[in-house]
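Heads up: the structure comes next, in structure tokens.
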Amino acid sequence: MSWPDEKKLAVFVNLAFEAWTPGTAPGVSPMGNPLPAGLHDTAAESWGRFGYRRGIWRLLDVLERLGTPATAMVSGVLTELAPDAVGALVAGGHEICGHGWVQEQLPAHLTEEAEAAMIDRCLAVLADAGAKVSGWISPRCTPGAHTFDLLRARGLSWTGDVFDDDRPYVVPGDGTPFVAIPLTMETNDLPLVMKHGHTPRSFRETFEDTVAAALDSPHPALHLDITAHAHVGGRVGMAAAFEAAIASAASDPRVWIGTRAEAARLVLAQHLAGAAR
């Protein structure tokens, strides 16, 4: 696998632009004390809304200043809750990736028919918003037994629903070649900051250290992700750390920053060229 201009490492900048059904709270929130059973977590619900009220706009400003393309994982319901923000992502030239309808609906819990209907609904509303969707990352990156076959059948070319490598590969199966681009988790704000309690400075330093390790290792990763959720990384301190981390990577001539759709096209082209030999 080779990247454009023989760059040694690919970095994918990801925005997780997520939402839940109104009246449903995210499973994670900044409040540490558990609520009594059966009590609706209004604090978590309010915290989750930050992503489309404020966070996505701050992250879009970061990417515009840097001139950096991103892959945006977009919950389909946001075409109803925040159509202006979805439109701004499209207008900014960012890749839009399917990310389920709402975050509490996991494909692994759906029948094949229900999942197919959900995927079709998402693809239809994102297309209506002007997005050309070629990839998919399920809520929680947790696909069902039929997810990859359903995506392949709908002409999508890549998925990020795997964690088993740090380089892309072609998924075995019949039909059109389909690329897995594993989601690397070293600098994903939701686990790093919300689960493990790291600071914005630590988020930035972790990314910079990981990029340096990948570039210097005799067994390097071929790609790394930096992921900001609009309701987490869109807060002012995290957004600044996100910006500094991306700028650091972009300054290294050995690093290529592109979208997952671009990477999938490269992988498929090289795969087909190899098969033709």
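The values are calculated or read from the model by the stated rules, or taken from the named source; none is laboratory data. All values derive from a computational prediction rather than experimental measurement. Counting neighbours? That spans all protein chains shown, and the Cβs are built from the backbone with ideal geometry, glycine included.
All told, VAL232 falls short of being modelled with pLDDT of 90 or more, within 15 Å of LYS8 (Cα to Cα) and within 20 Å of the chain's Cα centre (by Cα).
I'd like the full set of residues that are outside any loop (DSSP other than H, G, I, E, B) and surrounded by fewer than 18 Cβ atoms within 10 Å (Cβ to Cβ), limited to region 195-205.
LYS195, ARG201, SER202, GLU205
The test for being farther than 16 Å from VAL62 by Cα and either touching an Asp or Glu at 6+ places or on another chain (Cβ under 7 Å) or of a type outside the set (Phe, Trp, Tyr) (or both) does not hold for ALA247. Scanning region 163-182 for residues that are touching a helix residue (DSSP H, G or I) at 6+ places or on another chain (Cβ under 6 Å), farther than 12 Å from ASP149 by Cα and either without any contact (Cβ under 8 Å) to a residue 40 or more places away in the chain or not β-branched (Val, Ile, Thr) (or both) yields a single hit, PRO168. Taking residues in region 3-31 that are closer than 17 Å to ALA228 by Cα and among the polar types (S, T, N, Q), and partners anywhere that are surrounded by 17 or more Cβ atoms within 10 Å (Cβ to Cβ) and modelled with pLDDT under 95, the pairs with Cβ atoms closer than 7 Å and at least 6 places apart or on different chains are SER29/ASP41; SER29/ALA44; SER29/TRP47. In the set (1) closer than 15 Å to ALA19 by Cβ; (2) of a type in the set (Ser, Thr, Tyr); (3) not in a helix (DSSP H, G or I), the condition left unmet by THR79 is number (3). Any chance region 172-188 includes a residue that's within 27 Å of ALA19 (Cα to Cα), touching a His at 6+ places or on another chain (Cβ under 9 Å) and assigned to a helix (DSSP H, G or I)? No, region 172-188 has no match at all.
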